[in-house]
Amino acid sequence: MARASTGPAYPERFYAAASYVGFAGSPDSSSSNAVVSKFNNEAALLLYALYQQATVGSCNIPKPSAWNPVEQSKWKSWSGLGNMAPAEAMRLFVKILEEEDPGWYSRADVVSDAVVDVQMNQNPKSEVVVENGHAFPETKAVSAENGVSMESQDKDVVSEGLGSISVYDQWVAPPVSGLQPKPRYEHGAAVVGEKMYVYGGNHNGRYLSDLQVLDLRAWTWSRVEVKTGAEMPEVQASIPSIPCAGHTLITWENKLLSVAGHTKDRSETIQVRVFDPQTSTWSILKTYGKSPVSRGGHTVNLVSSSLVIFGGQNANRTLLNDLHILDLETMTWDDFDAVGVPPSPRSDHAAAVHAERYLLIFGGGSHAACFNDLHVLDLQAMEWSRPIQQGDIPTPRAGHAGVTVGENWFIVGGGDNKSGASETLVLNMSTLVWSVVTSVKGRVSLASEGVSLVVGSYNGEDILVAFGGYNGRYNNEVHVLRPSHKSTLQAKMIGTPEPDNVSAVHNATNATRDLESEADAGPDGKIREIVVDNIDGEKIRSKEGGEGLRTLKKEKEELESELSRESLQNQQLKQELAEAENRNADLVKELQSVRGQLAAEQSRCFKLEVDVAELRQKLQTMEQLEKELELLRRQKAASEQAALNAKQKQGSGGVWGWLAGSPPQTENDA
């Protein structure tokens with residue numbers, strides 16, 4: 001289980017926990033006995049040691065006498081912590097308490113006057129604020145874990161509910177409780193009511209199938225026990241949870257839609273699974289028409305009553321840039337060939353919808369590079385365009401997450417295979433001006449790939465909730481940002497939206513003064529008479545509102561408009577050139593890879609040719625040996641035949657000799 005409480009909520013939650021287990025000041029023998037009565041001896045000793053480490057510091061008292069084994073055990077446990085930091089001791093104290101007694105916080109008196117007194121003794125610089133009948137110490141500066149530093153002001157900090165602190169335009173870690181989910185990335189997250197649901201994901205290369213829920217009011221984690229066997233009118237029979245990653249979770253009619261994703265049992269086409277929180281059942285949505293090829297790392301956006309799906313990567317790691325729409329009223333698939341130049345094939349990008357008409361695609365990656373380009377699809381005209389971005393244009397990234405609040409699109413996380421993106425960005429979708437909301441430092445989950453981001457409501461205000469991610473390690477941390485829209489207001493001041501144009505690009509103009517302002521204005525606001533000498537020495541009078549002035553002003557406006565168009569076209573060409581160079585770099589890398597594979601194949605082929613030549617030589621040698629062997633066999637047969645003939649001849653001579661009176665030869669005679 002990962003840490004139960006992080007960031008600025010450490011002191012409040014720690015002292016509440018200490019009060020709950022019996023450490024209302026210094027843990028004496030009676031309080032230690034109270035702890036032992038609630039937990040086992042090992043947990044009680046560890047809680048005692050962590051409390052001492054957090055409130056007193058490292059153990060510097062002498063070892064107790066051997067006749068007192070209880071005090072010896074307590075001393076040994078405390079001294080074993082060494083030079084552990086007090087903040088870490090606080091965190092571990094709360095973590096162990098929640099592992100031993102998950103529901104302690106709901107049964108505890110959150111903050112008492114005694115707790116506040118202890119906190120004031122530990123931090124004399126803090127002030128006490130009383131809200132809703134509870135007292136809270138208010139700190140002017142807080143520091144979160146992993147190097148994420150935040151400076152808060154009175155007007156930007158509120159302490160309410162569970163003692164959580166919400167800071168405008170800064171990420172904070174709420175004091176979550178309950179059994180936290182397994183660390184993961186490439187999961188799906190969506191909000192239904194006041195609960196954030198997290199489904200599936202990737203952990204150590206294994207796909208997860210659990211469904212977790214975080215209560216955004218109590219900040220408590222719990223696991224949903226999925227039921228099977230029930231049926232719903234609009235879907236097929238319920239199914240068990242399916243392990244998957246790279247899918248998208250969408251809220252639709254108080255239900256959750258899980259669209260596509262990578263699974264162990266591959267499917268050729270996209271499946272849409274629906275979860276009903278009322279019945280706790282999963283089902284497969286029955287659709288009609290030609291379903292798109294299965295994929296992961298895609299984006300899904302709900303536009304009116306349709307799902308718009310773009311890009312991703314199929315099971316064969318082929319990158320896609322196709323566009324498909326599922327009408328949720330008819331449950332019918334449609335694919336569209338939009339005009340214009342679409343984004344290059346990619347996965348792990350982000351997508352948003354503006355004004356229920358424009359689909360924005362940002363970033364993503366191929367097998368060799370990451371992107372920071374922005375594309376817009378007009379869903380009415382079905383036409384792609386690539387507008388000019390302004391402001392703090394983001395660096396290339398993939399695996400980031402985005403959500404919209406009004407006309408503002410917030411982007412969190414992602415990376416470029418070298419480092420994580422530390423900035424939290426916002427794009428004003430009317431002006432297409434980027435701004436940096438905040439940045440984090442260190443190796444934190446907010447600068448991870450595969451992080452999820454949702455919009456929730458807390459005390460009537462919108463909040464961004466980020467969860468999970470991978471940045472060299474798998475994360476299960478929760479962070480919350482309360483946007484104040486300060487950066488978006490600044491973005492609006494930079495550029496003014498053009499009517500009926502989502503691009504609304506701010507036109508750069510020459511710093512020339514208006515010709516009309518050159519004329520002196522009289523007290524009545526009218527332009528006075530201007531006298532100009534011509535070549536012939538005649539005087540030409542230009543009356544107020546003269547045709548010459550209007551003509552010059554019109555020509556100036558036309559020139560500025562033409563210059564603006566040329567400037568925009570030039571920037572467009574530069575972006576297209578940069579994109580072409582990126583594609584060329586990808587092709588060069590792929591070509592080098594193919595060349596390397598070809599060289600390896602050529603080397604293997606040459607080796608095979610050498611082996612074949614050696615085998616042929618051996619075969620020729622074997623044929624020669626067989627011929628020689630056959631010749632030797634023939635010679636041997638001829639020799640044996642000659643010897644037999646000679647023997648027969650000798651036998652015949654012996655008979656005639658016997659008849660002639662000569663006795664036959666014996667073996668000894670021979």
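The values are calculated or read from the model by the stated rules, or taken from the named source; none is laboratory data. Everything quoted here is computed from the prediction, not taken from an experiment. Quick reminder, even Gly has a Cβ in these numbers, built from the backbone with ideal geometry, and neighbours come from all protein chains shown.
Laid out as a table, the results:
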read-out	value
Residue tally, condition crowded, with 24+ Cβ neighbours inside 10 Å and on the phi > 0 side of the Ramachandran plot, over the range 395-414	3
Tally of residues being surrounded by fewer than 24 Cβ atoms within 10 Å (Cβ to Cβ) and closer than 27 Å to residue 178 by Cα across the range 428-443	2
Single condition residue 296 does not satisfy, out of (1) touching a residue at least 60 places away in the same chain (Cβ under 8 Å); (2) surrounded by fewer than 19 Cβ atoms within 10 Å (Cβ to Cβ); (3) within 30 Å of residue 575 (Cβ to Cβ)	(2)
Qualifying residue in the range 369-390 (condition: of a type in the set (Lys, Arg) and in contact with a helix residue (DSSP H, G or I) (Cβ under 8 Å, 6 or more places away or on another chain))	yes
Hey, residue 295 basic (Lys, Arg), within 25 Å of the chain's Cα centre (by Cα) and at pLDDT 95 or above or not	yes
Neighbours by Cβ (under 9 Å, 6+ apart or cross-chain): first from the range 257-271, under 16 Å from residue 187 (Cα atoms); second assigned to a loop (DSSP other than H, G, I, E, B) and at pLDDT below 90	260/267
Residue 291 being in a loop (DSSP other than H, G, I, E, B), in contact (Cβ under 8 Å) with a residue 40 or more places away in the chain and among the polar types (S, T, N, Q)	yes
Checking residue 88 against (1) in contact with a helix residue (DSSP H, G or I) (Cβ under 8 Å, 6 or more places away or on another chain); (2) closer than 22 Å to residue 220 by Cα; (3) at pLDDT 80 or above, the condition it does not meet	(1)
Failed item in (1) surrounded by fewer than 23 Cβ atoms within 10 Å (Cβ to Cβ); (2) under 24 Å from residue 214 (Cβ atoms), with residue 447 passing the rest	(1)
Scan of the range 318-343 for residues that are more than 21 Å from residue 294 (Cβ to Cβ) and of a type in the set (S, T, N, Q), ordered by number	330
Flag for residue 58 being surrounded by fewer than 24 Cβ atoms within 10 Å (Cβ to Cβ), touching an Asp or Glu at 6+ places or on another chain (Cβ under 8 Å) and modelled with pLDDT of 75 or more	no
Considering residues of the range 316-332 that are over 19 Å from the mean Cα position of the chain (by Cα) and more than 19 Å from residue 353 (Cβ to Cβ) only, the residue surrounded by the fewest Cβ atoms within 10 Å (Cβ to Cβ)	316
Residue match in the range 381-398 (condition: part of a loop (DSSP other than H, G, I, E, B) and hydroxyl-bearing (Ser, Thr, Tyr))	yes
Complete set of residues in the range 466-483 that are surrounded by fewer than 24 Cβ atoms within 10 Å (Cβ to Cβ) and small (Gly, Ala, Ser)	472
Residue within the range 577-585 that is assigned to a helix (DSSP H, G or I), surrounded by 10 or more Cβ atoms within 10 Å (Cβ to Cβ), without any contact (Cβ under 8 Å) to a residue 40 or more places away in the chain and touching a strand residue (DSSP E or B) at 6+ places or on another chain (Cβ under 9 Å) present	yes
Checking residue 462 against (1) surrounded by fewer than 24 Cβ atoms within 10 Å (Cβ to Cβ); (2) of a type outside the set (Gly, Ala, Ser); (3) under 22 Å from residue 191 (Cβ atoms); (4) in contact (Cβ under 8 Å) with a residue 60 or more places away in the chain, the condition it does not meet	(4)
Residues within the range 238-254 that are surrounded by fewer than 20 Cβ atoms within 10 Å (Cβ to Cβ) and more than 23 Å from residue 399 (Cβ to Cβ), tallied	6
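For (1) at pLDDT 95 or above; (2) within 17 Å of the chain's Cα centre (by Cα); (3) assigned by TED's automatic domain parsing to the domain that holds residue 467; (4) over 23 Å from residue 403 (Cβ atoms), each residue gets a yes or a no:
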position	(1), (2), (3), (4)
200	yes, yes, yes, no
214	yes, no, yes, no
221	yes, no, yes, no
229	no, no, yes, yes
243	yes, no, yes, yes
253	no, no, yes, no
